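Report on the structure given below.
The values are calculated or read from the model by the stated rules, or taken from the named source; none is laboratory data. These numbers were taken from a predicted model, which means no experiment stands behind them. In this analysis, Cβ positions are derived from the backbone assuming ideal geometry, glycine residues included, and neighbour counts consider all displayed protein chains.
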Amino acid sequence: MPLSYNCPQALRAIFLFQQVPRILSLFLAAAACAFGLFLASATDPASSAEEPPDALLATRHAASGRPLLRIGYIEQSFSPSEREGFEATFAYLRKRLPQYDVSIDPYLVKDLERAIRENKVEFFLGASGFYRRVYSRGLRDIATMTTRVAPNPNQAIATVFLVPNESPIKTVADLRGKKAAVNWLNGWSGVFIPLKELQDEGYDPDNFFGGLVAAGSPMRKLLLAVLRGEADVAMSRSCTLEELRLTEPELAGRFRPIGLKPDNLSDFKCLRSTEAYPNWTFVSTSLAPWQMSRDVAAALLTMPKTQNGTGWAVVSDFTQVDNLYKSLRRGPYEYLRIRSVSDFIKRYWGFICLGFMGLLALIFHSWYVRYLVSVRTRELREAVQKEREAEAAQKLALEQIQSLERISTIGAVSSMITHELNGPISVISNSCNALQRQFERSPVPPQLEKAIELIARQCEKASGIVNHVRNYVRHRDAQLEPIDLAAELTRIFNAWLLKTPVGMLHLDIQAQGISVFWNRLELELCLRNVTKNAIEACEGYKGARIRIVLTTQDAGSKAIISVLDNAPTGEDELEKHSRPLNTSKATGTGLGLLIVRTLCEKASGNFTIGRLDGLTEARITLPIFNKESAHG
């Protein structure tokens, strides 16, 4: 079914998207940018960009090696006689131009416009109105068609108003408010030529008709649309009625023309209701080389007339076509319709709404970005705060460990001193007792006896002090608790993992769910001490690898914590480091392993260090804690 439109709205819709003023283009560009940012969408730049020169040269040659000559045309707009003439012309060009590979393709109007814009054709055949509408794109007319009924190419296209014989419409004035059948809403002879005639007669072309009906091509479809009652008048191209009288006399006999112009054009032999304009025009594009344009122009202008009288000539002036567009403010002069802000808003309200939506999208995008930045900033601050808290907690734990290490060092030194001093004090005390018994048998000077008694009393006092210190060291109270070895090892391992090279430290938990009854700080001190020794032993050693392994032995009654490293440590060096107060570190005290051994023994365990299968193993053995042993 043909499409029906309200005339004022249809006329305002014509060329709506063909040429937008610069200010509107800028506004829409801003809206497009906003939508691009918000929706993260992108367009294909190749869809509107012209091909580079190298690519154009490549498309000019077909597989045969001959230059490619492409011709586009709008087939649906041809009348039967015109189609015969064009087919004869195309056949003549192929025969006359054997040096070119001629390709002739039909297009829809919008597709031909796109092909011209994208440099896909060297030539095209179109109505003079179509040619001048796209003239700003660098085109050049080379020949215009002549026919037997219109031998003058300057005056060959016009429009005739056709109404049914029984219609009450007698004049052009009677068409006001009526529906008109046209081939398509942007038609040259079907819309713009009759609108110019209405304007010349003093009518408003934008509001004259009550609606336009797009009936399509060929022209007989316009008459059929009127007979079906879809329109009141057919705005048909001139000579259509004469052709139909020959091919379909019954259909042609049911219509009569109105508003006919006087027969003052000796070269135009068809009925017409409007002025006449230039005929179909052969146009070259900027893609066609000058040699090709010359050859095609020469072929057309020297072509013999066909059997139906079709030939080609040169139009002297297209000013009449340009003046029509300018007077109607259509085509390239569409911008003249905007004379005020209200005109701009009324005509482009859709684009304004789109721009406003784009502005809203841009505002929302800006707000959303600020919101995301604030959220990310808050998360970053929280992460930094947590990191600082973790560093503070780690620093506090390190200080506690260092304090415990100092205390343990003092305890270890005290144990060693008390253990070593008891021997000399006992020897001195026994010697004093022997001297006193000897003096009982023989008198001695009072001064000597008094000195020996003083020595004995001081030895007894020193022995008491040593015993007191030893008892204090051995029986110092510590907070004991069940400790999950796997969890504690994992925590300490993660702390060391941040301070060691990637791939150096490994944790192997082979026994889960086992606990020991010990002081947590003392356990951590021991584990950190042996791990630190292993890391320091591996410094500067390429391919260093340290494994911390948790296993059990003796039927699961004892837990074994092994720290193994592959540092090249010799047996002699290892034995030397095992002795107290021996260290190779500038800041070491030589008491680390002694402290570990002392604390392990205090927890009813033991500590050993040695070489095993080319590895240095520091082993801590501890009794496993369970509820039964705790109650026992």
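Considering each residue of the range 422-447, count those that are polar (S, T, N, Q), closer than 13 Å to residue 463 by Cβ and either surrounded by 14 or more Cβ atoms within 10 Å (Cβ to Cβ) or touching a Cys at 6+ places or on another chain (Cβ under 6 Å) (or both), and give that number.
Going through the range 422-447 one residue at a time, the tally reaches 2.
Taking residue 380 and the conditions (1) within 27 Å of residue 150 (Cβ to Cβ); (2) not assigned by TED's automatic domain parsing to the domain that holds residue 78, which numbered condition does it fall short on, given that it satisfies the others?
Going through the list (1) within 27 Å of residue 150 (Cβ to Cβ); (2) not assigned by TED's automatic domain parsing to the domain that holds residue 78, residue 380 breaks only (1).
Within the range 54-76, restricting attention to residues that are hydroxyl-bearing (Ser, Thr, Tyr) and out of contact with any Pro (no Cβ under 9 Å at 6 or more places or on another chain), which residue is modelled with the highest pLDDT?
64
Are there any pairs, at least 6 apart or on different chains, whose C-beta atoms fall under 6 Å, with the first in the range 77-96 and charged (D, E, K, R) and the second at pLDDT 90 or above, and if so, which?
94/102; 96/299
Name the single residue, out of those in the range 246-276 being among the polar types (S, T, N, Q) and over 60 Å from the mean Cα position of the chain (by Cα), that is modelled with the highest pLDDT.
247
Taking the options 176, 83, name whichever one is among the basic types (Lys, Arg) and not assigned by TED's automatic domain parsing to the domain that holds residue 242.
Criteria check complete, one pass: 83.
If we only count strands (runs of 3 or more DSSP E) wholly inside the range 98-206, which ones have 1 or more residues that are over 41 Å from the mean Cα position of the chain (by Cα) and either of a type in the set (Asp, Glu) or at positive phi (or both)?
The strands (runs of 3 or more DSSP E) meeting that bar are 101-106, 140-146.
Considering (1) within 30 Å of residue 289 (Cα to Cα); (2) assigned by TED's automatic domain parsing to the domain that holds residue 70; (3) at pLDDT below 90, say which one residue 149 fails and leave the rest.
So the condition that residue 149 fails would be (1).
Given the criterion within 25 Å of the chain's Cα centre (by Cα) and either assigned to a helix (DSSP H, G or I) or under 30 Å from residue 523 (Cβ atoms) (or both), identify the matching residue among 369, 384.
369
Restricting attention to the range 204-233, which residues are farther than 16 Å from residue 159 by Cβ and out of contact with any strand residue (DSSP E or B) (no Cβ under 8 Å at 6 or more places or on another chain)?
204, 206, 207, 216, 224, 228, 229
For the range 277-316, enumerate the residues that are among the hydroxyl-bearing types (Ser, Thr, Tyr) and either out of contact with any Pro (no Cβ under 9 Å at 6 or more places or on another chain) or at pLDDT below 90 (or both).
277, 284, 285, 286, 293, 302, 306, 310, 316 - these are the residues of the range 277-316 that are among the hydroxyl-bearing types (Ser, Thr, Tyr) and either out of contact with any Pro (no Cβ under 9 Å at 6 or more places or on another chain) or at pLDDT below 90 (or both).
Select from the range 207-218 the residues that are in contact with a Pro (Cβ under 6 Å, 6 or more places away or on another chain) and surrounded by fewer than 20 Cβ atoms within 10 Å (Cβ to Cβ) and list them in ascending order.
The answer is 207, and nothing else.
Yes/no per residue for (1) over 25 Å from residue 412 (Cα atoms); (2) at pLDDT below 90; (3) out of contact with any Phe, Trp or Tyr (no Cβ under 9 Å at 6 or more places or on another chain):
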| site | (1), (2), (3) |
| --- | --- |
| 476 | no, yes, yes |
| 495 | yes, yes, yes |
| 498 | yes, yes, yes |
| 503 | yes, yes, yes |
| 506 | yes, no, no |
| 509 | yes, no, yes |
| 512 | yes, yes, yes |
| 516 | no, no, no |
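Where in the range 219-322 are there helices (runs of 4 or more DSSP H), lying wholly inside it, with at least 3 residues that are surrounded by 16 or more Cβ atoms within 10 Å (Cβ to Cβ) and among the aliphatic types (A, V, I, L, M)?
220-227, 290-301
Residue pairs, Cβ under 8 Å, 6 or more apart or interchain, first in the range 335-348 and closer than 18 Å to residue 325 by Cβ, second part of a loop (DSSP other than H, G, I, E, B) and modelled with pLDDT under 75. List them.
Partner pairs satisfying both residue conditions: 335/19; 335/21; 338/21; 347/16.
Say we look at the range 611-632 and pick out the residues that are surrounded by 11 or more Cβ atoms within 10 Å (Cβ to Cβ) and either touching a Leu at 6+ places or on another chain (Cβ under 7 Å) or modelled with pLDDT under 85 (or both); which of these is nearest to residue 572 (Cα to Cα)?
Ranking the qualifying residues of the range 611-632, first place goes to 611.
Hey, any hits in the range 582-593 for a residue that's within 30 Å of residue 414 (Cβ to Cβ), within 58 Å of the chain's Cα centre (by Cα), at pLDDT 85 or above and surrounded by 19 or more Cβ atoms within 10 Å (Cβ to Cβ)?
No - not one qualifying residue is present in the range 582-593.
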